[in-house]
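See structure below.
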Amino acid sequence: MPRLFQAGFFAACIQCMAAGLATVVILLTVRHVPIILVSPNVGADTPSEFEALLPILRGSYLAIALVIALTNNPVVYFTAERIRFASHLMRPSDPDYATKSLLTQLTLASIGFAILALRPPPTALLDAVSGGCAWAASVTWSGFMSIAVAGFGANAQAAKRAL
């Protein structure tokens, strides 16, 4: 069973490293390059530097996850072969049925996690952390959701190749 999802595990690990690196690069860039961050709510309280960076971080996480998910590499080819083999074993009369079903489910899961990555974290998570670390919870939430996008997307890419 793990061989059927090897591309997803690989993509999730790459996304985890890429999200961490992107966070460091964006935070260092903002610290050393004078960038004016404008709040979309004119007249409201000005957000902290970290709160103003949340949309940039969320967008960059999701963009990186999509690139990783759509990249063809040897692991995706290996996983596609395993999916094709397993699909043929499951239903010899219609060998592509299981692959099509898997492709649909993985694609829908990836889209769902992409939507969650762009949204703020659940209020229960924000309530669990102290008030000063709410931005860290938001960044962590988006990072984990982008990891799921990369993992499910890479497996969907492998299932598409298996057809």
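Since every read-out is calculated from the coordinates, none of them should be taken as a lab result. Computed from a predicted model, the values in this text were never measured in an experiment. So basically every Cβ, Gly included, is an ideal-geometry build from the backbone, and we count neighbours across all protein chains shown.
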Next item on the list: On a 0 to 90° scale, report how tilted helix 97-118 is relative to the longest principal axis of the chain, with both axes built from alpha carbons and the result rounded to the nearest 10.
Entry: 0
Notebook entry, point to check: Which of S146, W135, L4 sits farthest toward the positive end of the charge dipole of the range 2-162, with +1 on the Cβ of Lys and Arg and -1 on the Cβ of Asp and Glu?
Noted result: L4
Item checked: Dipole magnitude of the range 2-162, debye to nearest 20 (Cβ charges: Lys/Arg +1, Asp/Glu -1, about Cα centre) -> 600
Notebook entry, point to check: How far is helix 6-32 tilted, in degrees, relative to the longest principal axis of the Cα atoms in the chain, given as a value from 0 to 90 rounded to the nearest 10?
Noted result: 20
Next item on the list: Could you order peptides 13-26, 86-99 by the average number of other Cβ atoms within 10 Å of their residues, highest first?
Entry: 13-26, 86-99
Check: To the nearest 500 deg cm²/dmol, what mean residue ellipticity at 222 nm is calculated for the chain from DSSP H runs of n ≥ 4 alone, each contributing -39,500 (n - 2.57), summed and divided by the residues?
Finding: -26000 deg cm²/dmol
Next item on the list: Starting with the highest mean, order 134-140, 120-126 by the number of other Cβ atoms within 10 Å, averaged over the residues of each peptide.
Entry: 134-140, 120-126
Next item on the list: With unit charges on the beta carbon (Lys/Arg positive, Asp/Glu negative), name the residue among L126, F78, T23 whose Cα is farthest towards the positive pole of the charge dipole of the range 2-162.
Entry: F78
Next item on the list: Restrict the search to the range 96-163; then list the trypsin sites (Lys or Arg not before Pro) that DSSP places in a loop and that have at most 11 other Cβ atoms within 10 Å of their Cβ.
Entry: none
Item checked: Zone of A124's modelled label, taken as backbone nitrogen in the range 140-154 under 16 Å from a point 7 Å along Cα→Cβ -> 141
Item checked: Between helix 134-162 and the chain: long-axis angle, C-alpha atoms, 0 to 90°, nearest 10 -> 20
